Every structure is written in structure tokens, then in C-alpha cells.
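The structure under discussion appears below in the form of C-alpha cells.
What follows draws every value from the coordinates through simple rules; no lab data is involved. Quantities reported herein were computed from a predicted structural model and do not represent experimental measurements. Note that each Cβ is placed from the backbone with ideal geometry, even for glycine, and that neighbours are counted across all protein chains shown.
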Amino acid sequence: LKRRITMERILLGAIFTRHYHFFSEPLTWNEAQTFCRQKYTDLATIENSEEHNLLYKTLQSAGYTSDVWIGLYSEIDWKWSDGYTGAGADYRHWRSDYNEPEFYHASQLCVRSGDLGNWWDDDCALNQLPFTRHYHFFSEPLTWNEAQTFCRQKYTDLATIENSEEHNLLYKTLQSAGYSSDVWIGLYSEIDWKWSDGYTGAGADYRHWRSIYNEPQFYNASQLCVKAGSFGNWWDDDCAQKRQFICNKGNFNYSI
């Protein structure tokens, strides 16, 4: 890999020492992660404002002016509201021709089911959807959280659908009852941000998002990696974009 190391800075902490290395050749996040793991430790982890400020002062003094990949990334973890994790917990019926789930924005973490049986991610705060293994359909529109609370109080939980047979039976029943709108089901997502090097210490939750742009905003489902801008703010972005990047190398007291 043709590269130019424009900076190297030692950050001293109470637990370990990190060396940051900046590379100007644009790579995708996954390519950058592979390179950093082969040559150093991993993509850069930043666990407090002191590390953040020192890193960016050094980069600015080196003439750095564009966005770079850092080690923060997200995993989309879809779960059923009732906690079901059995054999059919991974069953899905997304609206594939619309590239669902597409996370048009960061609040689309709940799932609605359309009148043709397809599933869509949607804003959990929407107050326009009715909601539904003994299935019970309710026509009063509630938000996803309100519907979950109601179902847990009166029944077990929002509907879990674990195979195509349950899916087809549910929708045949709803259609025969004259059902024609979207309903909430029990599937939802949790956004779990992680550092590429596996760091889970005291500063693992440190963030420096571009708040005035409501970052992270998950404009689409591929924005699961994080870039750092020239002013130090962080943005979620498509992992397949080619960008410059920062590796770190250090002696750590934890295992990946």
C-alpha cells in the first residue's frame, strides 16, 4: 500500500500508550481496518476530549484538511420485543424492492408491516399505526412504545413472527377482517456503536458527533462507520466510501 505517514503522536494515559498514524491514501473503512490491523493495532480509538483535541491539533499542524476514517462503527441488532431468541428469531419479510430496512433517519428503529405483508423500518414515535402465538389486532393508532406497553399489560407482547407459515396465517386472518393499513409488530433495532480494536474501557462511550446536523443520522442502512471531519466532528458514513484514515498502535490491557 502506497502511503505517506504525515504524523505520529504519543498519547499518554493512565492505562496505555497510543501512537496515531495518518495515511492519505483513500480506502474504504474495511480496507483501512485491514491495513491498520496488519501494520499497527487497528483504526484509531478516541476515548476522551484530551485525546480528541491532541489528535486534531497534530493533524491540523500537518496540513490535514479532509475527512478520515476512525475506528468507531455500528452493528444493527434486530430483536423481538418479547425477547424471543429461538429457532425462528431471524425470520424477516422486508420490502426488498425498496431496499428495506433502509434507515432513512436514525429514529427508524421499529418495524411496521404493510397490507401486503411486507415489513418496513419506521420511526418508533409515529402515532398513526394500529398494532396486532395468539394474535390480537387493535385498530387504535399508537406509537410503537405505547403499543408495546399496551400489549404487555393485556397480553404477552407485540407480535413475533418466526416463519413464513405464521406470517401467511396472520395476514390471511387480517385480510379476512378487512384490514388494509400498516400495523406495528414486535421487531425493533438497537444501535450498538463499537470501536474496531475492541476497546471497552472507561472511555469507550466517548463521542464527538456533529450535533447541529443531528449526527449520527443513518441516512441509509450502509452508514455504519464513522469519519472524523477537519474540525474534529464525527459523522456516520457509508463504509464503502474511500477515505483517508488514522491507525493507532499501542500497548493495551484488554483483549479483543
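Odds and ends about this structure:
- Three-way shape call for the range 77-219 based on the alpha-carbon gyration tensor, with the a/c threshold at 1.5: prolate
- Here the peptides 30-43, 90-103, 138-151 are ranked by packing, the mean other Cβ count within 10 Å, and the order with the highest first is 30-43, 138-151, 90-103.
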